[in-house]
Structure formats: C-alpha cells, structure tokens
1. Filter region B:21-38 down to the residues that are over 28 Å from residue B:107 (Cα atoms) and at pLDDT 90 or above, then identify the one that is nearest to the chain's Cα centre (by Cα).
2. Have a look at A:302, A:310, A:329 and point out the one that is within 9 Å of chain B (Cβ to nearest Cβ) and either within 22 Å of residue B:176 (Cα to Cα) or buried (at least 23 other Cβ atoms within 10 Å of the Cβ) (or both).
3. Residues being more than 8 Å from chain A (Cβ to nearest Cβ), crowded, with 19+ Cβ neighbours inside 10 Å and over 17 Å from residue A:154 (Cβ atoms): count how many of those fall in region B:172-197.
4. Is it true that residue A:146 is closer than 22 Å to residue A:318 by Cα, surrounded by fewer than 24 Cβ atoms within 10 Å (Cβ to Cβ) and in contact with a helix residue (DSSP H, G or I) (Cβ under 7 Å, 6 or more places away or on another chain)?
5. Looking at B:183, B:198 in this structure, which one is modelled with pLDDT of 95 or more, under 30 Å from residue A:317 (Cα atoms) and outside any helix (DSSP H, G or I)?
6. Checking residue A:134 against (1) touching a strand residue (DSSP E or B) at 6+ places or on another chain (Cβ under 8 Å); (2) modelled with pLDDT of 95 or more; (3) within 30 Å of residue A:277 (Cβ to Cβ), which test does it fail?
7. I'd like the full set of residues that are assigned to a helix (DSSP H, G or I) and either at pLDDT 95 or above or surrounded by 13 or more Cβ atoms within 10 Å (Cβ to Cβ) (or both), limited to region A:39-59.
C-alpha cells in the first residue's frame, strides 16, 4: 500500500510537470491536404490566427506539392506574427491510408503518392513536428469539438461526396482502431452482390449512396432520355455530374433523378441504422458535397430511413444534424486533435 | 497552477482511499442468466471458488426465476466459505436490453420479463450489490481477459446461435455505447431487402448466418426431398434443428445442407469484413452453438470470406480465433468487468 501511495504521488507530480500550458498559450497548425486544394491555419484555442489556401496541383508531382505545403506553413506562421519555434506542431489531415507512427502516406491515388515519407521531408523544411491524421476523422473531430456535434460524446460523421468518408468519436475521443485506420463506414457492405464499388467489392454503402452512385444511375437515365432537363445541364459526361446537378433536379422537378436521390438517401439510412445498432451513438453529423448541396431534404430522408431500419430502443434518442464548419472542419479537427491529445 | 497541483494531490489521495484491494483479496460473483439455464460462480482473480447451475424455468414466472437466482447466489457464497459481506458485488449478465443504471431488465422475450426491477428485488434477498451487464458483451470480455482474445486490445466477439450476438472491446475496454446497448452486430443489414429477420428487418447478418437462418433453408430443402439424411435425423420440425444437426450433415456428406452452411459462413464473413472496415480490430473471437458444433471448418470459411470482402490494408493483420471458455465465458467476463471497472 505504501508503494501505491508513492506511485500515485509520483504520477501526480509528473502530471503536474508535463501538464500542457493552458490552451491560450498554445499554437498549432491545422492542415487539410486535399486532392484539389490545401488549406493551412494557425490555431489558438478556438481562434484562427491566419490561414492560407492553395491548389494542390498533384499533377506536377510530389516535390511540387511538398514545396507548396512548405509555402503555406511558412506563410501562416509569418502572418500570425510567430516563428516556427512558437508552434507546437502541424497536424496534417491527409486522404487515404497512412502510417501515423512513421509519418508515411502509404497510398494516396488522388495525389499520386505511394510510401511518401512526408513527415521526415516536411520537418526538414519547416522545423516543426508533423503529425498525420486521416482527413475524415479530422473533419468529424472538428464538428464534434466546434461544430454540429458539440456537446455529444458518441458522434458518427458521414460525408458523402465522390466516396463516403466516415469518422467515429466514442466516449469523447476519436476512435482510430488498432493501426489507426478505422472508420471506413463507406465500405460497409449493405447489399451483398449489390452495385460495384470503387474498392472492387459489391454493395458497399459508398456504391449505393455516394455522388458516384447517384451519377452512375442518373447518367444512364439521362442518356436514355428519362431526365431531359438534367441532360441539358450535365450531358453524358461523368465529370459534369457535380453535387449541384442533383440539387438542380429538385428545382426542375426532374422525377427520374429525384427518385434516384431518394433511393440513395434510403441506402444512406441503412448504413446509419447499422451504425446505430453497432455503436449506440448519440448523433450523426452529415456533411460532404452531397449534403451541402441537397441540404435538409436529403438529411430528413436519410434520417427517416435510419429510424425505419435501426432497432427502436437504440434509435429513439439518436439525433441527425448537418455539419456546420464546411471547409474548416478538417483543419480545425486536426488542430484540436493535437491540442487535446498532445502528440 | 497552484489549484491544479492541489487538485492532483487531492485526487491522488482520493484514489488511494477508494483504490480497491489487490485482486487476490477481492471476491465477486459472476452470474449468467440465460433463457434455459443460469450459472453463478464466486470468482477470485482467475480462480473459480464455487459454482452452481440451475434450469431457469422461465415458464414458472419471474418470481420463481428470482427465487432460483437467490438460491444459486446463496449456494455459491456458502460453498466458497464466505458470507454476503465478503462479496464486492454480483455482476449479472442478462439477455436483451436493460437499464444498467436503474437495474431494470427492460424487455426479455425468452424470460417473459418486462420492466423487471431485478436489481432492487435481488439486493433485498441477498444483501449484495447487483450490477447488470449484457450477456454477449460479458462473453466477449471473458474471452478477451482469459480466453481466445487474451493479449489483444481490439476484439470483436461474434456468437452465432439462435441469433447472432456481438461484443466489442476497444482499446482494452468493453465498448457499451451512449446508453449501454451497443454491439448489436447481428442486426447489421448486409443485404438490403434480403431474408426476413426476427427483428422485423430484412437482410440482417442474423437473418443470413444464424442457426435460425440455416434452419429455415435446410428445413425447406429437407422437406422437398433434397436432404434425405438430414430429414431422417431432424424431420420437418423447426425445433429439431439444433447445431449438431448441421455438424452431422458434414459427416453424412449431405451436399444440399453443406452448401447452405457454406453460404451462411460466406455471409458471416461479410459481416466480419464490415467490422474490419469500421473498427480496424486485431482479432475476431467466434463462438456460440454454430461455431462449437461446426468448428474450425466453419471458422475458416468465414475467415476466407472476411478476407475477400474487407479492405486489404485493414484485414491483412486481423486474426480469427475460436472461443475457448464455452459456458464459463459469460460469467467470467461479467465478474471481470466488475473487477476491472469496480462498479
């Protein structure tokens, strides 16, 4: 018992020594490295002191991207009136699987990176410690800390766009899994033998409810003459089918497309119901391009389907809300993960 | 900063006061209240000091069940050479949703309980604090602490029997969710519009891979003359289709039934793949009647399907093992939840 007492007092002393300074004296950089754009910002608590946005320009190769990242970091440090030494670290949200310990981006198709040692290379350039995070996890954490998920401690983030990103906050902490890559809710199979997914499987939530899924069905309908107004806007080129095309279908009362959207929201609700039954969460935060453009109408459809498919004793108290932080969710979440976890 | 120091020292002192005695001086009762049988045992660390098993006899009504539970508890306390005052608590694993805070079994169809205040009633009878736990959660925790999941910290337990129970251990702790009822992996929809489930939905994992699912397909095949050896053993009565009937189909080389089992294991693998993509776990522990009777052959089929359906960077290091503790998993897990969480 003496030993226990000693240990406790020792750890109390250690806690005191390593206790971080109050947030107001801490500066971190949140960084969102996306496929098309990058945004960096110096964060002090809930304040954004400076921010800088650039095109990623992945087509010019990893070194050019690295140069631009370095430029953004140096710019925001300077604009915040600070030096590299004032910054606790850069928390960099990246798309795709990465090795968090080693700071390597394992495979990022839309950046053309493979086994890219971004941490080591960047630290040499900017003299600040770099921490890698998953982009959707960061976005979910941002919404949990400062946005639509504030005040809850069991939060599921779902972000339908080209794919469907997922993030999980459990008991007030980001859930990362055994090797740091948990949260691939978009690749939950909800219809065995269903539509083909980009990952090669069939019937993933993403294959049934992402913008890609919407596009596949709509482009076929439009090309077959069943959605003439949509065809007039977006034609038959896959690349033209942005989320706003689907929002326009509602305005144009384009029934064939509305049915496709409603079916997609219905599948989204099945994915959400599965999360309810597994996680017993308090709230879903829905964001991403599809939700931003289709708005409350879409969210309500998904929510209705969730309630129709989940176990009632688990779904009755679950909330469904729209994301609030838009472009800033990822960098704010990344920054706050570093502030809260200090590593 | 002085305040912080003070707080830390205070909490150190409090920790000291409320710190439980070393496990070897702690006695708890693990209790498994099942639909057909109940087992109680006095546990001291990893040792079972006494155990007692009775039929539940739910058909005689809640009061008779309560009397038998009381009898089991008093018997194990006495046989361990202890008195009620020596026991820290009874950790009682129950089937179905319950209110853990209030100690109420909300709805338990196979016991005929509804809003049953079991904690209050039992505490009066035995004079020991009663804690409710979910049975499958307890079983998973038992395997994690003392059985097939030992040494891992991200463990998913799946137990196919009449239904499919699920339990989740994340970062070395049982995951309970916002209201204590997480882990309903059996009701994850993996085939929208698929086979009808007991919960009323279509295409739940349970509707495709439980013994009930096996029985529905086999009884139809057997009744149509496609599985004559199985028909000879189990006939056309649903109740005759125990897990051993399916094990027998392998021995008899009954192809129609073997195909049904293999398809079921394939669906089980899809459910597991979804868990891999969402949780990024280290290990699956598979148990329950179906796994106990069909053994390694079934587990290997499910594992193969899991690897075929999950994201490769997440599944490559995942282990799949068979449960080891059989009947004792639930009561040991319940006991150790109380020992580890102390509440």
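The values are calculated or read from the model by the stated rules, or taken from the named source; none is laboratory data. Since the model is a prediction, treat every value here as computed from it, not as a measurement. Heads up, the Cβs are rebuilt from the backbone with ideal geometry, glycines too, and the neighbour counts pull from every protein chain shown.
1. Looking only at region B:21-38, we keep the residues that are over 28 Å from residue B:107 (Cα atoms), and these are B:21-27.
Checking the rest, the ones that are also at pLDDT 90 or above come to B:26-27.
On the way: B:26: 24, B:27: 22 Å.
Filtering first and then ranking leaves B:27.
2. Details: A:302 fails: within 9 Å of chain B (Cβ to nearest Cβ); A:329 fails: within 9 Å of chain B (Cβ to nearest Cβ).
Answer to the selection: A:310.
3. If we filter region B:172-197 for residues that are more than 8 Å from chain A (Cβ to nearest Cβ), which is where we start, we get B:172-174, B:186, B:195-197.
Adding the requirement that they be crowded, with 19+ Cβ neighbours inside 10 Å leaves B:174, B:186, B:197.
Next, only the ones that are over 17 Å from residue A:154 (Cβ atoms) stay: B:186, B:197.
Residues meeting the conditions: 2.
4. Numbers: closer than 22 Å to residue A:318 by Cα: yes; surrounded by fewer than 24 Cβ atoms within 10 Å (Cβ to Cβ): yes; in contact with a helix residue (DSSP H, G or I) (Cβ under 7 Å, 6 or more places away or on another chain): yes.
Considered against the rule, which asks whether it is closer than 22 Å to residue A:318 by Cα, surrounded by fewer than 24 Cβ atoms within 10 Å (Cβ to Cβ) and in contact with a helix residue (DSSP H, G or I) (Cβ under 7 Å, 6 or more places away or on another chain), residue A:146 comes out as yes.
5. Values: B:198 fails: modelled with pLDDT of 95 or more.
Sole residue among the options that is modelled with pLDDT of 95 or more, under 30 Å from residue A:317 (Cα atoms) and outside any helix (DSSP H, G or I): B:183.
6. (2)
7. Kept after step one, since they are assigned to a helix (DSSP H, G or I), are these residues of region A:39-59: A:58-59.
Listed by number, the list holds a single entry, A:58.
Yes or no, residue by residue, for (1) out of contact with any helix residue (DSSP H, G or I) (no Cβ under 6 Å at 6 or more places or on another chain); (2) in a strand (DSSP E or B); (3) within 14 Å of chain B (Cβ to nearest Cβ); (4) at pLDDT 95 or above:
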{"position": "A:230", "(1), (2), (3), (4)": "no, no, no, yes"}
{"position": "A:249", "(1), (2), (3), (4)": "no, no, no, yes"}
{"position": "A:259", "(1), (2), (3), (4)": "yes, no, no, yes"}
{"position": "A:265", "(1), (2), (3), (4)": "no, no, yes, yes"}
{"position": "A:269", "(1), (2), (3), (4)": "no, no, yes, yes"}
{"position": "A:274", "(1), (2), (3), (4)": "yes, no, yes, yes"}
{"position": "A:285", "(1), (2), (3), (4)": "no, yes, no, yes"}
